[in-house]
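Working notes for the structure below.
The values are calculated or read from the model by the stated rules, or taken from the named source; none is laboratory data. As the structure is a prediction and not an experimental result, all values here were calculated from the model. Here the Cβ is made from the backbone with ideal geometry for all residues, glycine too, and neighbour counts use every protein chain on show.
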Amino acid sequence: MWIVTGALFLFLAGLLSYAGGKDWPPLHRKPLQFAALAGFFGLWFLTIWLFRSETGVLALLFMLPILFVGVGLAYRFLRFLIGDWFETAHRFGIGLDRMTIEKSYDRAEKAERERDLEGAIRLYREETGRDPADPEPWRRIGEIEVRRGRMEHAVEPLRAALTRLHEPEPRATAAFRLADVLRHLNRTDEARALIEGIGREFPGTRIEGFAKERLKNLEITGRLE
């Protein structure tokens, strides 16, 4: 049985390392980090306990090598974890999380100015992990992908931004922008459904008028203005 738990321990170590290396946004959430650590060390202790029940004192010789192997496999995850905790402590130390000023994306904006678009996207994705309800990082990721001509890659972040917007004007603007991208991809039916939906959300408003105008342009010319 210890062979199964040992294999699971090493598999989890490798999986966490892969997620940390890819900077998977949910991994910035502290509950998930603690759950990952609990699973990592829990499987290690369980493997040692099962091994000891079969071999007795040899468990002491087995304990540290398997831990070293697991730490080696999980190196990128542990490095990510240390960096994220250091950043959290830094933000807490300077009171950034307690400030009521408008959120800043200085590092990501700096990367954009320096034309490091991959770096900018990575930094904006870090922000999505810190505040999953914030639509702005998703919107900016989508706009970067549009500027790069990667329209297909812009759909997912723009849609993510749209689902997080609730105020009429920003929500309508995001919906029309996403419709533009869908039309460029020749996904006209999706664009039409999106525009019709936003018009129905705000009946009797100028947003409904804008939606009708865009639908008219789409039907007559086959393009969105």
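Per this entry, LEU182 is counted among residues that are in contact with an Asp or Glu (Cβ under 6 Å, 6 or more places away or on another chain) and surrounded by 16 or more Cβ atoms within 10 Å (Cβ to Cβ). Against the definition (closer than 20 Å to PRO135 by Cβ, of a type outside the set (Ser, Thr, Tyr), surrounded by 14 or more Cβ atoms within 10 Å (Cβ to Cβ) and touching a Lys or Arg at 6+ places or on another chain (Cβ under 8 Å)), how does ILE207 come out, yes or no? Against the criterion (closer than 20 Å to PRO135 by Cβ, of a type outside the set (Ser, Thr, Tyr), surrounded by 14 or more Cβ atoms within 10 Å (Cβ to Cβ) and touching a Lys or Arg at 6+ places or on another chain (Cβ under 8 Å)), ILE207 does not qualify.
Could you say whether any residue in segment 166-176 is closer than 22 Å to GLY129 by Cβ and either among the β-branched types (Val, Ile, Thr) or in a loop (DSSP other than H, G, I, E, B) (or both)? Looking for residues that are closer than 22 Å to GLY129 by Cβ and either among the β-branched types (Val, Ile, Thr) or in a loop (DSSP other than H, G, I, E, B) (or both), one finds at least one in segment 166-176, hence yes. Restricting attention to segment 130-174 and to residues that are farther than 21 Å from ARG192 by Cα and aliphatic (A, V, I, L, M), the residue that is surrounded by the most Cβ atoms within 10 Å (Cβ to Cβ) turns out to be ILE141. Can we say PHE202 is under 30 Å from GLU112 (Cβ atoms) and among the aromatic types (Phe, Trp, Tyr)? Taking the combined requirement at face value, the residue does not satisfy it.
Of the set (1) at pLDDT below 75; (2) buried (at least 17 other Cβ atoms within 10 Å of the Cβ); (3) more than 18 Å from TYR124 (Cα to Cα), all apply to ALA36 but (1). All conditions but one from (1) closer than 24 Å to ALA111 by Cβ; (2) touching a helix residue (DSSP H, G or I) at 6+ places or on another chain (Cβ under 8 Å) apply to GLY149; the one that does not is (2).
Can you find a residue in segment 63-77 that is in contact with a helix residue (DSSP H, G or I) (Cβ under 6 Å, 6 or more places away or on another chain), modelled with pLDDT of 75 or more and outside any helix (DSSP H, G or I)? Among the residues of segment 63-77, at least one is in contact with a helix residue (DSSP H, G or I) (Cβ under 6 Å, 6 or more places away or on another chain), modelled with pLDDT of 75 or more and outside any helix (DSSP H, G or I), which makes the answer yes.
The set of residues in segment 130-147 that are farther than 25 Å from HIS184 by Cα and part of a helix (DSSP H, G or I) contains only ARG130.
For segment 185-198, a residue qualifies if it is surrounded by 21 or more Cβ atoms within 10 Å (Cβ to Cβ) and either in contact with a strand residue (DSSP E or B) (Cβ under 7 Å, 6 or more places away or on another chain) or among the small types (Gly, Ala, Ser) (or both), and exactly one does: ALA191. Here the condition is being modelled with pLDDT of 95 or more, under 19 Å from the mean Cα position of the chain (by Cα) and either closer than 19 Å to LYS22 by Cα or part of a helix (DSSP H, G or I) (or both); of GLU127, GLU118, GLU152, it holds for GLU152 alone.
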